[in-house]
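Nothing in this text is a laboratory measurement; each read-out follows from the coordinates by a stated rule. Please read all numbers here as calculations on a predicted model, not as lab measurements. Don't worry about glycine lacking a Cβ; one is built from the backbone with ideal geometry, like all the others, and counts go over all protein chains shown.
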Amino acid sequence: MRTTEAAERALKTPRMAAVAGILCALILAAVIVLVRHLPADAVEGAGWLAIPSHRGALNVALELVPFAGVFFLWFMGTMRDYVGAAEDRFFAALFLGSGLLFVAMLFVLASAASGLVAAADSAHAAADPQFWHFGRHLVLALVSGYVTRMAAVFTLSTTTIGQRLGIFPRWLCWLGFLSGLFLMLAARSVPWSELVFPAWILAVSSHILVVRLRRRPA
C-alpha cells in the first residue's frame, strides 16, 4: 500500500507543468514572425540574412524549435492530466494524432528553414535565385498549410473535449472553436494567421496554470 501511494505521488503531474505551454507559445510565435519576415527576392533575402541581428535571431529561434516540440509534448501531457480519464476515444485519437503530426511538421519546417539559410550562403544559390524561391515557398507552405491545419485539428479536438467535460470556461470554448475554424479555413489567405495558434496555447496554458495554483493539496 505504501509503495502504491508513493508511486502515485511520484507520477503526479507537477502544478507548474502548464508553464511548458507558455514557453512553447512564445517560441512558436518567434519562429513564425521571423519566417514571415523572409523577403521574397533572393538578393533581398541574402541582404536580410547578412544583417547580424536578423541572422542571429533566426538561428536562435531555429535552435529552440526542438525545445518547442518538447514543451508542446509536455503541454499535451498536461492537457491529458487536466482532462482525466473521462475523455472520449474519438476526440482523444484526434487530439493525440494531430498533436504528434504538428510536432513532426514543426521539425520539418525548422529543417527547411535551416536549409534555406545554408543555401543563401553558397555562391551557387546567389547566382541562381531559384534556390531561394523554392526554399522560401517550401517554408511558407509548411507554415500556412500543413503545420497550421494540424494545429487547427488539435485546437478543435481539445476544445471539444474541454467543452463536453465542462472543464473549460465558456470564453475559452468560444476562443478555441473560433481559432480552430479560422486556422482551418483562412490560414492560406490571411497572412500572419498562424499566430492565432500560439495565442490559443498561451490562453489555455494560462487558464490551467491559474486553476492548478488555486487548488490546495488534499
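Here is how the numbers come out for the structure above:
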| read-out | value |
| --- | --- |
| Residue-span extension gain [H137 to L96] - 0.36 nm each, minus C-alpha spacing | 11.9 nm |
| Relative contact order for segment 12-213, counting Cα pairs under 8 Å that sit 6 or more residues apart, in percent | 31 |
| Net length gained if the chain between V210 and D81 were fully extended (0.36 nm per residue, minus Cα distance) | 44.9 nm |
| Coil-residue trypsin sites (Lys or Arg not before Pro) of segment 164-218, DSSP, other Cβ within 10 Å capped at 15 | R188, R215 |
